[in-house]
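Colleague: Before I ask anything, here is the structure I am working with.
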Amino acid sequence: MRKEIQLAGFGGQGIVLSGLILGEAAILDGMNAVQTQSYGPESRGGAARSDVIISDAPIDYPKVVSPDILVVLSQPAYDKYRSEVGKKAMLIIDSDLVESDESALCVPFSKLADELGRRIVANVIMLGTLAKVSECVTRDSLERAVLRNIPKGTEELNLKALDAGFRSA
Amino acid sequence: MDKQGYDAIRKLLGESPAFVQGDVACAYGAVLAGCRYFAGYPITPATETAESMASLMPGCGGTYIQMEDEIASIAAVIGASWAGEKAMTTTSGPGFSLMQENIGYACMTETPCVIVNVQRSGPSTGQPTEPAQGDMMQARWGSHGDYELIALVPNSVQECLDLVIEAFNLSERFRVPVIVLTDGEVGHMREKTVIPEFDELKLVERETPTVPRESYVPFGGGEAAVPPMGFFGLGYRTYVTGLTHTEKGLPATSSAEEHTKLVSRLCEKIRQASESLVRIEERYLDEAEFAVVSYGITSRVALNAVRTLRRRKKKIGYLRLIGLWPFPEERLLGLSKQVKGILVPEMNLGQVYHPIREAVAGKCRVAHLPKIGGEIHTPAEIVEAVQKLMGGRRR
Amino acid sequence: MFNKAERIREYLRSEMLPSIFCSGCGNGNVLNYTLRAIDELRIDIDKVVFISGIGCSSRLPGYIDADGLHTTHGRAIAFATGVKTANPDLTVIIFTGDGDCAGIGGNHLIHAARRNVDLTVIEMNNYNYGMTGGQLSPTTPVEGRTTTSPFGNLEEPFDLAALVVGAGAPFVARWPVGYPYETVDTIKRGIEKKGFSFIEILTPCPTGYSPESGLKGNRQIWDWYKRNTLLASKYRQLSDEERADEDRMLIGVLQDVEKREFTDEWAKLVAQFAASRE
C-alpha cells in the first residue's frame, strides 16, 4: 500500500515541518516514509510544498506520482496544483485562505488556531484532520511525532490543536 | 570507540529509527565512525551536514570549524588528520571544484579523510537547490596527475549513514581520501534511518607505527603497501610533502625512479584491492536478457522501472553501483557476457556511461539515458528507454 | 652539550643538507633564529609541527628533524589551523613567504588573524617570487623591476605587518634579517603568545630581486634595510610633526595585546557539554 500526500502553501506556514511530522508518525507506526520538499529562495512567503509518501513496502521511487491526498493552505497553491491533481485525490483546504468551488474538505484551520490563541498551530490542526480522514497514520504516533518536533513548553497547546483537528474532520 | 563512548553519542543522536535528511545522516555516520573533526563552508545543498556537525562536535569532544572557503576546509581536514583525528568535510559542486588540488595532495601524502559531495546541478553555480550526478568523473579525475581514490554513492538516507561509516573505514584502511557522492535529492529527503547498535558497528582504526623512529619508513613498504601512519606528535618526526618523495618522505623531485615507485604504489594499493572494494547490488539478474545499470538516486527510479517491466514478463535485471571508484569493471564485463544490452540512466550528459562502455568492450549494447535540469528520471522514462533498447535489438 | 651552535645543529635533518638556498639568502638565518628560540624555550621538539606552503622559505620544515607538513601553495595557514585545532597540545609554526602567504594565501592569512588560533607565522619577505625566478609579488615596491614587471611595478604593495594588525592578530612584529638577537627574542614571544602571532622577517634575495634598482650584493641590501627602517620604539618617541614626516618602515614588535583564543574557547565549550552530561 503506497499513499502519496502533498502539502502546499506559503513558506512560513510550517509546510515542511508538517511533512516531517507526518513522515515521522508513519515511521513510528512501523511504516516506511519519504518526505521531500521544494521551495523558492525566500525563507518566508514564497511557495512551499512538502511531499510525503507512506508505504508498508520499501519506497523506491521517492517522488509523488499522483497524490492520494492534497492539502492546500494558500490560494496560489490551490490554483497551481488543483489542475495537476487527479479527481480521485482527496482535497483538504483551509477555508479561511482558499476559495474553492468544488467538493473539498473545507476546514477553517487558521480560525481554529486563532481560537486556541496561536495562529502558528494551524498546521498541527491540519495534521489532525488529515490523519482522521485519511487514516494514513495513527493518532498515537502522530501525537508522539508532534511532541518530538515542537519547542519545549508548547506541548499542551499542540496536543489541543491536534485534538481540534481530529474533531473538525 | 568503547560502549560508554557509543552510549554518549547515541544520546546526542536521539531516537532510532530517526526521520532525518540525507545530509544529517551523513553527520550521524561520521560521529558513529569516530570522526572528531569537521571543517567546512556553507553551500547548498550540503549545509545541513555542517549544521549537524556544528551541534554534535562539542558534545562528543570533537572540533568543528567553519573555514573561509572550501580550499581551507579540505586543508584543515588534512591537517587534522595528520594531528591524529578522523576528519571530514562536506560540500557541493563549486566547493568540490575548489578542493581538487588538496584532494590530490591528500592522495600524494596518503592522508585519510572523508569528503561528502552533495552533488548539485552545474556547471558553475548552476541550479544550487537541484540534484545532479555531474561530478562522477571529477571525483575520479579532478586533481592533476595520476592517482587512485575511493568513491561511494548512496541512494538513500540510511545508506548516507552507512556509507559514511564505510568511507571512514576504507579511508583509514588504505590511507586515501574517500569521497561520498550523494546528491541534492538524497541530501534533502527525509527517510527512516536506523542508527546501528554498538555491536553492529565495525570500525577500522588507524594503524600507527610500532617500530622505533630510526627504522620507521613513513611512505614505503612494498609495491602496493599501505604504510602505518606516524602522525604528528607521536615522536616519529614525519616530514610530509606533496613533492615527489622517497620512502623516508624526503623530496626527490628529479628522480624518475622515485617518482615511478611512489606514484605506482599509491595507485597499486587501491588497484590491487579493487576486488575487495567492489560494492554492487544485483537484483533480478538470473536469466535477465537486458539490464539497467545505475547508481545513486537514479537507481531507485531504475528499480521501480525494472519491477514494472518484470510484471510485464520482460527479462530485465538491475545492477546498482554503490562503489563507483575504483570501477568494478570485471563485474560489468561479466554482466555484458550475460545480457544483450545495458541501459545507463544518469543525471548528466554522459559520465559513468563511458567506463561502462570501456568495461563491456563491445560485448553487448550500451544505451544511455541522460537527464539534466535538476529533476530525477521518472520510472516511465526508464521503462520507455529499456523497451527501445529491447526493440532496437530485434530490428 | 654546552656549545649552542652544536646543539642547534642537532635539530637539523642532516640528510637534507646542503640546503637549496642561494648564497646570501636570508632563509637559513631565519631557520637558525627559529631553532634557537625553540631551544631557549626548551620546548619538546617532538611536540612541534613545522608547516609551510610553496616557495623557497617553505622548504625550511624539511631541514628540521621534526614533524613537518609541506603543503600546497598559499594554504599553509589553513592546514596549520587544522593541525592546531585538532590537537592544541602541539606547537605549530608556519614558515611562509610574501607570495605564498599574501598572494595566493592572502585570504587564509587575514582570516587566521581574525579567528585567532594559537599559531606562529614566520613570514620571510624578499619582495618577489624567488623560487620561480624573480616575479612581481604583493610586496614588491612601487616601480620595482621584476621579470613580470620589466618596466616597473605599477601596483601598490601590501604592508603585511599593518595588514595583519588590521585583521586582528594579537602579536605582530617585523625585523630585517640582520637583527639576530632581537629576532630570536621576538620568535620566542610569538611562540609563547596564546594566539595568532605574525613575524615578518625581511630577507634578501640576491638572485631574484633587490628592493631598489642598482643594489649590488647583500651588503648593499642590508644597508638598504638600515636606511629604510625605523625601530617602533623610537617612532613612539617622535612628536606628531616628526611622525608625519616619517616614511620609513617600522620594525620591532608592532602589536602585542591579549585576545580570546579559539582553541581555548572551544575547549571551554566542550567542557560545558561534558559537565552537563554528569
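Colleague: Using Cα atoms only, what is the angle between the long axis of helix B:296-311 and the major principal axis of chain B, expressed in degrees (0 to 90) to the nearest 10?
Modeller: Relative to chain B, helix B:296-311 is tipped by roughly 30 degrees.
Colleague: What net charge do the residues around residue B:198 carry, taking every other residue with its C-beta under 10 Å from that of residue B:198, with Lys and Arg at +1 and Asp and Glu at -1? Don't jump to the answer; show the numbers that get you there.
Modeller: Numbers: positive: B:3, B:10; negative: B:2, B:7, B:197, B:199, B:200.
Counting the neighbours of residue B:198, the net charge comes to -3.
Colleague: Can you give the net charge of the other residues whose Cβ lies under 14 Å from the Cβ of residue C:27, counting K and R as +1 and D and E as -1?
Modeller: -3
Colleague: Looking only at C:225, C:179, C:129, which one moves most when chain C is put into a Gaussian network model with springs between Cα atoms under 10 Å?
Modeller: C:179
Colleague: Would you mind pulling out the separation of the Cα centroids of segment B:1-37 and segment A:107-165, in Å?
Modeller: With segment B:1-37 and segment A:107-165 each reduced to a Cα centre, they are spaced 30 Å.
Colleague: How much of the DSSP bridge set in the protein assembly as shown is antiparallel, in percent, rounded to the nearest 5?
Modeller: Here the antiparallel bridges make up roughly 35 percent for the protein assembly as shown.
Colleague: Okay, next question. GluC sites (Glu not before Pro), restricted to segment A:130-169: which are DSSP loop and have at most 13 other Cβ atoms within 10 Å?
Modeller: Details: sites: A:135, A:143, A:155, A:156; in loops: A:135.
Qualifying residues, ordered by number: A:135.
Colleague: A further question on this structure: In sequence order, what are the phi-derived ³J(HN,Hα) couplings for segment C:88-99 according to the Karplus relation 6.51 cos²θ - 1.76 cosθ + 1.60 with θ = phi - 60°, rounded to whole Hz, with x for glycine and proline?
Modeller: Karplus values, whole Hz, x for Gly and Pro: x, 6, 7, 8, 10, 10, 10, 9, 8, x, 5, x.
Colleague: Can you give the angle from 0 to 90° between the axis of helix B:47-56 and the longest principal axis of chain B, with both taken from C-alpha atoms, to the nearest 10?
Modeller: The angle comes out at about 40 degrees.
Colleague: With the dipole of the protein assembly as shown worked out from charges on the C-beta (+1 for Lys and Arg, -1 for Asp and Glu) around the Cα centre, which of A:98, C:111, C:274 lies farthest toward the positive end?
Modeller: A:98
Colleague: Same structure again: Can you tell me the orientation of helix B:70-82 relative to chain B, as the angle in degrees between its alpha-carbon axis and the longest Cα principal axis, to the nearest 10?
Modeller: The helix B:70-82 is inclined about 60 degrees to chain B.
Colleague: Once Lys and Arg get +1 and Asp and Glu get -1 on their Cβ, which of B:149, B:55, B:67 lies farthest toward the positive end of the dipole of segment B:3-200?
Modeller: Positive-end residue among those listed: B:55.
Colleague: Another question, if that's okay. Counting Lys and Arg as +1 and Asp and Glu as -1, what is the net charge of the other residues whose Cβ lies under 12 Å from the Cβ of residue C:39? Mind showing how you got there, number by number?
Modeller: Numbers: positive: C:4, C:7, C:9, C:36, C:42, C:188; negative: C:6, C:10, C:40, C:44.
The answer is +2.
Colleague: Sequence gap at least 6, Cα distance under 8 Å: using those rules, report the relative contact order of chain C to the nearest whole percent.
Modeller: For chain C, the relative contact order is 17 percent.
Colleague: Going Cα to Cα from residue B:315, which lysines come in below 23 Å? Please leave out same-chain ones fewer than 8 positions away.
Modeller: B:337, B:340, B:363, B:388
Colleague: Using just the helices of chain C, give the 222 nm mean residue ellipticity in deg cm²/dmol: DSSP H runs with n ≥ 4 each add -39,500 (n - 2.57), and the total is spread over all residues, rounded to 500.
Modeller: On the way: 10 runs with 101 residues, N = 278.
For chain C, the value works out to -10500 deg cm²/dmol.
Colleague: May I pose another question? Evaluated at 20 °C with a viscosity of 1.002 mPa s, what Stokes-Einstein diffusion coefficient in µm²/s does the protein assembly as shown have when Rh comes from the Kirkwood expression over alpha-carbon pairs?
Modeller: Rounded to a whole number, D works out at 72 µm²/s.
Colleague: Enumerate by residue number the trypsin sites (Lys or Arg not before Pro) in segment A:35-80 meeting two conditions: DSSP loop (anything except H, G, I, E, B), and at most 14 other Cβ atoms within 10 Å of the site's Cβ.
Modeller: Answer in residue order: A:44.
Colleague: Further question: Restricting to bridges with both residues inside segment A:2-168, how much of the DSSP beta-bridge set is antiparallel, in percent to the nearest 5?
Modeller: Close to 60 percent.
Colleague: What is the Cα centroid distance between segment B:235-269 and segment C:151-185, reported in whole angstrom?
Modeller: 35 Å
Colleague: Mind listing the phi-derived Karplus ³J(HN,Hα) values for segment B:256-261, rounded to whole Hz, using 6.51, -1.76 and 1.60 with θ = phi - 60°, and x for any glycine or proline?
Modeller: Result, rounded to whole Hz: 4, 5, 5, 5, 4, 4.
Colleague: Under 5 Å between amide hydrogens, which residues at least 5 positions from residue B:366 or on another chain qualify, with H placed 1.01 Å from N in the peptide plane?
Modeller: Answer set, sorted by chain and number: B:342.
Colleague: If you don't mind, there's one more thing I want to ask. Given axes a ≥ b ≥ c from the Cα gyration tensor, I'd like to know whether segment B:281-394 is rounded (a/c under 1.5), prolate (a/b larger than b/c) or oblate.
Modeller: Rounded, because the longest to shortest axis ratio a/c is under 1.5.
Colleague: Still on this structure: Taking the Cα centre of chain C as origin and charging only Cβ (+1 Lys, Arg; -1 Asp, Glu), how large is the dipole, in debye to the nearest 20?
Modeller: 340 debye
Colleague: Checking the table A:88/A:160; C:84/C:188; B:11/B:202; A:87/B:192; B:248/B:269; B:192/B:314 against a 23 Å threshold on Cα-Cα, which pairs fail?
Modeller: Distance filter (> 23 Å) returns A:88/A:160; A:87/B:192; B:192/B:314.
Colleague: For segment B:274-301 and segment B:104-173, write down the distance between their C-alpha centroids in whole Å.
Modeller: Centre-to-centre distance over Cα atoms comes out at 20 Å.
Colleague: Out of all DSSP beta bridges in chain C, what portion is antiparallel? Express it as a percent rounded to 5.
Modeller: Among the beta bridges of chain C, antiparallel pairing accounts for roughly 25 percent.
A short reminder: the numbers here are calculations on the coordinates, not readings from a lab. For clarity, every value in this text was computed on a predicted model and none was experimentally measured. Because the Cβ atoms are built from the backbone with ideal geometry, glycine has one as well, and the counts that use them run over all protein chains shown.
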